[in-house]
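Asker: My questions will all concern the structure given below.
The values are calculated or read from the model by the stated rules, or taken from the named source; none is laboratory data. Keep in mind that this is a model prediction, so the values were computed, not measured. We place every Cβ from the backbone using ideal geometry, glycine too, and count neighbours over all the protein chains shown. Each accessible area value is taken on the protein alone, full model and side chains, heavy atoms only, with ligands, DNA and RNA left out. Shrake-Rupley method; radii C 1.70, N 1.55, O 1.52, S 1.80 Å.
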Amino acid sequence: MWNPPDPEPQSGKALVISGSRIEGVADATTLPGDMDRAVFPGCTLMPGLIDAHVHMASWMVPALLAAGVTTVRDIGNDLDWILGLRSRLAADPRPTPRVRCCGPVLDGRHVNWPLIGERHEDPAAVAAKVERLAEAGVDEIKLYVHLDLEQVHAAVEAGRRAGVPVVAHLGEVNALEAARAGVAELQHLSGIIHPFDGSHLVDLQEVTDALIEADTALCPTVVVWDRLARLSQFVSRPDPRLRWVPEEIRQSWEAFPHRHDPEGSRGRMAAVAEIQRAIPAFYRAGVPIVAGTDAPWPYLIPGFSLHDELAMLTTSGLTPAQVLTAATREASRRLGVDRLTGTLDEGKAADLLLTEGNPLSEIDHIRRVREVFRAGQFVDVATLETGAFHPEDPVNASLVAYAKGISRPIGAHQC
């Protein structure tokens, strides 16, 4: 059963870094006198954060780093575009986030997001696409709402043959069926709690047992449902973090139709409340939890919305230590990068976040970013500027088209 120990704060210690790697943790009083050092009284040093559910656009890179997010999983995008971005960022001599990617979301006969999703008629078509994506070099596969159970089984089997995990945002298939099929991770508590009214789609105890038996993780993304439920409030709310968001994206957020749907907002608020009630029960039972946001959907400011998600998970009943684990060690394990990041162990990349105060005692201290390092490189947050908006980026184009009414998904309204 999944039962990770909570991280314990240590004082009087020094993290020893050589180049891009961590050499270990030592007693600060034993360091050689001629060793270069930096001291930050009243601060907490921890691994860089991991957002396990984003849809990347080029402009998001500076904001992610400014918030201390050093690894992301792009969980749905145009294949060539995201593979190109991943390569460019990996080759950039400047510090950039580590990117894991799924390629396009694999949908059924209907496609909610045509610029980042692809249609599949039958199980054979889905299996063939999984094989092609694995050959192209994706890290995981993302299934979407209009796939039926036979297609989900075909995708999981093809993923197993190719050695690529399969995650899902469910619609026609419920979570009990998905776990038994071997889906590695479920997004948004889809297939468990109805996103528009909070009703239960499966028996919670039965699905808990199935998730544990299959070692299927949950990525709740409570924050995206909260934003969609209360969109009209966020449109008029001043937020200095919006400086990280290009004007074109802010305009698309303001135009999202959800703000004119009071009945839908009430239903989503009920869903948020039910999701928050369910999360600690899943965690206590031993269901793995990872943290993600769905940025850049409306008012999910890249990087900083992960701070908001961690706060909402704490409000749900998890401890600060548990939610920080979900955004570091457990996320690194689920994303397959635990040999590289997620903890401060010897040999791992020096992906670091330094905060003023102690987030282990008060989660809101995660917002007080002091310093950020990516693979040992210092990120000068003070000099970072908002990333440039490129209308051709698939996620940018999807947001703008949706806000203008050019594209309207069937059923679910986020990805």
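Asker: Which is aliphatic (A, V, I, L, M), assigned to a strand (DSSP E or B), within 18 Å of the chain's Cα centre (by Cα) and over 22 Å from PRO391 (Cα atoms), of ALA26, ALA52?
Answerer: Being aliphatic (A, V, I, L, M), assigned to a strand (DSSP E or B), within 18 Å of the chain's Cα centre (by Cα) and over 22 Å from PRO391 (Cα atoms) holds for just one of ALA26, ALA52, which is ALA52.
Conditions (1) over 22 Å from GLY292 (Cβ atoms); (2) β-branched (Val, Ile, Thr); (3) part of a loop (DSSP other than H, G, I, E, B), marked per residue:
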| site | (1), (2), (3) |
| --- | --- |
| ALA124 | yes, no, no |
| ALA128 | yes, no, no |
| ALA155 | no, no, no |
| VAL164 | no, yes, yes |
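Asker: Only residues that are more than 20 Å from the chain's Cα centre (by Cα) and either more than 22 Å from GLY303 (Cα to Cα) or not in a helix (DSSP H, G or I) (or both): list them for segment 83-106, please.
Answerer: ASP92, PRO93, ARG94
Asker: Only one of (1) within 21 Å of the chain's Cα centre (by Cα); (2) closer than 20 Å to GLY336 by Cα; (3) basic (Lys, Arg); (4) open to solvent by 40 Å² or more (accessible area, probe 1.4 Å) is not met by ARG230, so which one is it?
Answerer: Every condition holds for ARG230 apart from (2).
Table: residues versus (1) in contact with a Leu (Cβ under 7 Å, 6 or more places away or on another chain); (2) open to solvent by 20 Å² or more (accessible area, probe 1.4 Å); (3) among the hydroxyl-bearing types (Ser, Thr, Tyr); (4) modelled with pLDDT of 95 or more.
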site	(1), (2), (3), (4)
ASP308	no, no, no, yes
THR325	no, no, yes, yes
ARG339	no, yes, no, yes
VAL400	no, yes, no, no
GLY405	no, yes, no, no
HIS413	yes, yes, no, no
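Asker: Residues to consider are LEU360, LEU300, LEU344; find the one that is under 26 Å from THR216 (Cα atoms), hydrophobic (A, V, I, L, M, F, W, C), assigned to a loop (DSSP other than H, G, I, E, B) and open to solvent by 10 Å² or more (accessible area, probe 1.4 Å).
Answerer: Result of the check over LEU360, LEU300, LEU344: LEU344.
Asker: Here's a follow-up. Can you find even one residue in segment 214-222 that is surrounded by fewer than 23 Cβ atoms within 10 Å (Cβ to Cβ) and without any contact (Cβ under 8 Å) to a residue 12 or more places away in the chain?
Answerer: Scanning segment 214-222 turns up no residue that is surrounded by fewer than 23 Cβ atoms within 10 Å (Cβ to Cβ) and without any contact (Cβ under 8 Å) to a residue 12 or more places away in the chain.
Asker: Going by the structure shown, is THR383 closer than 24 Å to TRP59 by Cβ and open to solvent by 10 Å² or more (accessible area, probe 1.4 Å)?
Answerer: So THR383 fits the description; yes.
Asker: Considering only residues that are more than 22 Å from MET56 (Cβ to Cβ) and polar (S, T, N, Q), look in segment 249-304 and name the one that is modelled with the highest pLDDT.
Answerer: Within segment 249-304, the match that is modelled with the highest pLDDT is GLN276.
Asker: Which one is nearest to GLN377 (Cα to Cα), of the residues in segment 84-132 that are open to solvent by 10 Å² or more (accessible area, probe 1.4 Å) and polar (S, T, N, Q)?
Answerer: THR96
Asker: Just need a number here: residues in segment 186-237 that are assigned to a helix (DSSP H, G or I) and of a type in the set (A, V, I, L, M).
Answerer: Going residue by residue through segment 186-237, those that are assigned to a helix (DSSP H, G or I) are 204-214, 222-229, 231-235.
From what is left, the residues that are of a type in the set (A, V, I, L, M) are 204, 207, 210-212, 214, 222-224, 228-229, 231, 235.
Here the count works out to 13.
Asker: Do we find that ASP36 is of a type in the set (D, E, K, R), without any contact (Cβ under 8 Å) to a residue 40 or more places away in the chain and over 30 Å from ILE249 (Cα atoms) in this structure?
Answerer: Values: of a type in the set (D, E, K, R): yes; without any contact (Cβ under 8 Å) to a residue 40 or more places away in the chain: yes; over 30 Å from ILE249 (Cα atoms): yes.
Judged against the criteria, ASP36 is a match.
Asker: Select, from LEU106, LEU83, the only residue that is free of Cβ contacts under 8 Å to residues at least 60 places away in the same chain and in contact with a Phe, Trp or Tyr (Cβ under 9 Å, 6 or more places away or on another chain).
Answerer: Just one listed residue meets the conditions, LEU106.
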